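In what follows, a structure is listed as structure tokens, so that the remarks can point back to it.
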Amino acid sequence: MLRTTRSYGGMVTAPHHLASQAGLEVLCDGGNALEAMVAAAAAIAVVYPHMNGLGGDGFWLVARRGEVPVAIHASGRSAELATRSFYAGQEAIPSRGPKAALTVAGAVSGWQAAYDLSRERFGGTLPRARLLQDAIRHAREGVAVTRSMTRNSCEKLAELSNVPGFAETWLEDGQPLGVGQRLRQPRIAATLERLAEAGFDDFYRGDLARSIATDLETAGSPLRLPDLEHHRADRVAPLSVDVAGHRVHNLPPPTQGLASLILLALYGSMPAEHADGFDFVHRIVECTKAAFRVRDAYVTDPDYMAEAPESFLTQEALARLASQVSHDRAAPWPHPGRPGDTVWLGAIDSEGLAVSYIQSLYWEFGSGLVLPGSGITWQNRGTSFSLDEGALNRLEPRRLPFHTIQPALAELSDGRMMVYGTMGGEGQPQTQAVVFARHVLHGMPLQQAVTAPRWLLGRTWGAATTNLKVEAGLGLADELHAAGHDVEVVEDYAEMMGHAGAIVRHQDGLLEGASDPRSNGAVAAR
């Protein structure tokens, strides 16, 4: 059984141990938490390539006690050529292949924004080359393929094997790499070396950008060089809400961070007596439904939103939603699900600078398109757009897509700071709520809060159904079914439940960290 990791010198947690180690080594070299997170983000793009990469998006939450938190929005807009007429004759945007690669990849711009913020406000001094050195080494020398990558490669082989560049990059003799085989990525190593030398902005406005744009156009993507040149990461104000006296922060639209905050605020107003049993699970599930109804009706590109997201976080709005939540019966479900996978990483340094970060390709291997020059696998985040002219998230040129991914950060009433998050599509708000509620509201030890059996309502990473999935160890299937829930029991430590993690900093500087046994992750501390 994993136990909560504790230290005073700095801590990083990630769903792959080599990413945690890369971040920790930056802390040991005198870097701050932002610099450590850039290193960990680059490393995990290499060592967990089926879940995230340079061709994806990212979101940041950055805070230090007594200072106003900062969010970095690093997701890309749809191409100028990505009109509904571009997809004429198709019922939906293809989920794989070049036409699925229709939004700019924003992750690298987020690395730049974090690097700049580190130097402007938090005394960062380490050069880009130092932050990228572990990722470059892992890409060039190779890493051991994880069970997660092998399984997902096998499961998705039929839909990905014919996508340009996929077989040459991720298969050997037409078959997925086996667990423990050495995965080398020389083109990614060269791309990272170029970013270290020329700067992260080269991805959007330099020689690398021109290579990327040429390869995308040649493959059949609607993305062009002006789309890359137009892109910038933005610093934005996070959304926040009071949860039983604690201040919880998350990302604004186009992410589902609003749903995460609504969910926690609702549960905080009607907590169960204990962090186990029917009441705990049922109440969080029903609060999830209420939060998702708001999300599905309103959350989109903020330029297109009919209501300000803050309006759903007022006491009056939350009270109206709470009145609709039954404490003993399941409300009708499902609503349409949103898939997705990603990686969440957290870091807190010895000075109390806290970073919650999430990075994603959307589906496993994203669009599957691998660019021949750079070796970058491009995301398929734009498939969340609808071709229906009347849809909330309808496709328009240069529009932000809806994002399931969103990192979380909380300032607790006793002076502690907490960063936490997970991957897993619709599971992200739910797992965030479960970890926070178990640890903060019910006093469960941090690692136990992450490890204990979980559940998931709706569509998540690796699953097509939208019912309520519960791990066998939860042991509540019969009670939940009797209350009207459509229950499916899955194996314990199922990867579909997400790869959660958390770090908590106490006022005296003590750090506590947790990593999910459902992942290949670890907490690295000094």
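Please verify whether region 421-444 includes one or more residues that are touching a His at 6+ places or on another chain (Cβ under 8 Å), farther than 19 Å from Ala410 by Cα and either assigned to a loop (DSSP other than H, G, I, E, B) or at pLDDT 95 or above (or both).
Within region 421-444, one or more residues are touching a His at 6+ places or on another chain (Cβ under 8 Å), farther than 19 Å from Ala410 by Cα and either assigned to a loop (DSSP other than H, G, I, E, B) or at pLDDT 95 or above (or both).
Please specify each residue of region 132-149 satisfying the condition of being surrounded by 18 or more Cβ atoms within 10 Å (Cβ to Cβ) and part of a helix (DSSP H, G or I).
Listed by number, the residues that qualify are Leu132, Gln133, Asp134, Ala135, Ile136, His138, Ala139, Ser148, Met149.
Restricting attention to region 252-300, which residues are under 20 Å from the mean Cα position of the chain (by Cα) and β-branched (Val, Ile, Thr)?
Scanning region 252-300 gives Thr255, Ile262, Thr288, Val299, Thr300.
Which numbered condition trips up Arg210, out of (1) crowded, with 22+ Cβ neighbours inside 10 Å; (2) over 17 Å from Ser323 (Cα atoms); (3) among the charged types (D, E, K, R)?
Of (1) crowded, with 22+ Cβ neighbours inside 10 Å; (2) over 17 Å from Ser323 (Cα atoms); (3) among the charged types (D, E, K, R), only one is false for Arg210: (1).
Out of region 320-330, which residues are touching a residue at least 24 places away in the same chain (Cβ under 8 Å) and not acidic (Asp, Glu)?
Leu321, Ala322, Gln324, Val325, Ser326, His327, Arg329, Ala330
Which condition number in (1) surrounded by fewer than 24 Cβ atoms within 10 Å (Cβ to Cβ); (2) over 30 Å from Asn32 (Cβ atoms) is the one that Leu371 fails?
Evaluating Leu371 over (1) surrounded by fewer than 24 Cβ atoms within 10 Å (Cβ to Cβ); (2) over 30 Å from Asn32 (Cβ atoms) leaves (1) as the failure.
Find all pairs meeting these conditions: Cβ atoms under 8 angstrom apart; at least six residues apart or on different chains; first residue within region 40-56 and among the hydroxyl-bearing types (Ser, Thr, Tyr); second residue not in a loop (DSSP other than H, G, I, E, B).
Correct list of pairs: Tyr48/His16; Tyr48/Ala19; Tyr48/Ser148; Tyr48/Met149; Tyr48/Val343; Tyr48/Asn520.
Counting only residues that are within 21 Å of Gly76 (Cβ to Cβ) and out of contact with any helix residue (DSSP H, G or I) (no Cβ under 9 Å at 6 or more places or on another chain), which one in region 302-316 is surrounded by the fewest Cβ atoms within 10 Å (Cβ to Cβ)?
Asp303
Can you find a residue in region 493-507 that is at pLDDT 95 or above, more than 23 Å from the chain's Cα centre (by Cα) and open to solvent by 40 Å² or more (accessible area, probe 1.4 Å)?
Yes - at least one qualifying residue is present in region 493-507.
Quick one: in region 223-248, which of the residues that are outside any helix (DSSP H, G or I), open to solvent by 10 Å² or more (accessible area, probe 1.4 Å) and among the aliphatic types (A, V, I, L, M) is nearest to Gly382 (Cα to Cα)?
Filtering first and then ranking leaves Ala233.
In region 158-211, what residues are of a type in the set (Gly, Ala, Ser), assigned to a helix (DSSP H, G or I) and within 20 Å of Asp57 (Cα to Cα)?
Within region 158-211, Ala189, Ala196, Ala209, Ser211 qualify.
Is it the case, given these coordinates, that Leu251 is in contact with a Phe, Trp or Tyr (Cβ under 6 Å, 6 or more places away or on another chain), buried (at least 24 other Cβ atoms within 10 Å of the Cβ), touching a residue at least 40 places away in the same chain (Cβ under 8 Å) and not aromatic (Phe, Trp, Tyr)?
It is true that Leu251 is in contact with a Phe, Trp or Tyr (Cβ under 6 Å, 6 or more places away or on another chain), buried (at least 24 other Cβ atoms within 10 Å of the Cβ), touching a residue at least 40 places away in the same chain (Cβ under 8 Å) and not aromatic (Phe, Trp, Tyr).
Look at region 384-410 and say how many of its residues are open to solvent by 30 Å² or more (accessible area, probe 1.4 Å) and either under 14 Å from Ser260 (Cβ atoms) or touching a residue at least 12 places away in the same chain (Cβ under 8 Å) (or both).
Within region 384-410, residues that are open to solvent by 30 Å² or more (accessible area, probe 1.4 Å) and either under 14 Å from Ser260 (Cβ atoms) or touching a residue at least 12 places away in the same chain (Cβ under 8 Å) (or both) number 8.
How many residues are out of contact with any helix residue (DSSP H, G or I) (no Cβ under 9 Å at 6 or more places or on another chain) and either part of a strand (DSSP E or B) or among the acidic types (Asp, Glu) (or both) when one looks only at region 487-509?
Residues in region 487-509 being out of contact with any helix residue (DSSP H, G or I) (no Cβ under 9 Å at 6 or more places or on another chain) and either part of a strand (DSSP E or B) or among the acidic types (Asp, Glu) (or both): 2 in total.
Find the residue count for region 88-131, including only residues that are part of a helix (DSSP H, G or I) and surrounded by fewer than 20 Cβ atoms within 10 Å (Cβ to Cβ).
The total comes to 7.
Hey, among the residues in region 1-39 that are at pLDDT below 95 and among the aliphatic types (A, V, I, L, M), which one's farthest from Ile358 (Cα to Cα)?
Among them, the one singled out is Met1.
Mind checking which pairs have a first residue in region 418-446 that is at positive phi and a second that is hydrophobic (A, V, I, L, M, F, W, C) and in a helix (DSSP H, G or I), Cβ under 8 Å, 6 or more apart or different chains?
What qualifies is Gly424/Met496; Gly424/Met497.
Looking for whichever is of a type in the set (Val, Ile, Thr) and open to solvent by less than 20 Å² (accessible area, probe 1.4 Å) here; the options are Val435, Val487. Which one fits?
Just one listed residue meets the conditions, Val435.
What pairs come out if I take residues in region 286-311 that are closer than 15 Å to Ser260 by Cα and free of Cβ contacts under 8 Å to residues at least 60 places away in the same chain and pair them with residues that are in a helix (DSSP H, G or I) and of a type in the set (Asp, Glu) whose C-beta lies under 8 Å away, six or more apart or interchain?
Here the result reads none, with nothing in region 286-311 linked to a residue that is in a helix (DSSP H, G or I) and of a type in the set (Asp, Glu).
Can you tell me which of Ala514, Ala524, Ala464 is among the hydrophobic types (A, V, I, L, M, F, W, C), modelled with pLDDT under 95 and either farther than 19 Å from Ala433 by Cβ or open to solvent by less than 50 Å² (accessible area, probe 1.4 Å) (or both)?
Ala464
The values are calculated or read from the model by the stated rules, or taken from the named source; none is laboratory data. Computed from a predicted model, the values in this text were never measured in an experiment. So basically every Cβ, Gly included, is an ideal-geometry build from the backbone, and we count neighbours across all protein chains shown. Accessible surface areas use protein heavy atoms only, side chains included; no ligands, DNA or RNA. Shrake-Rupley method; radii C 1.70, N 1.55, O 1.52, S 1.80 Å.
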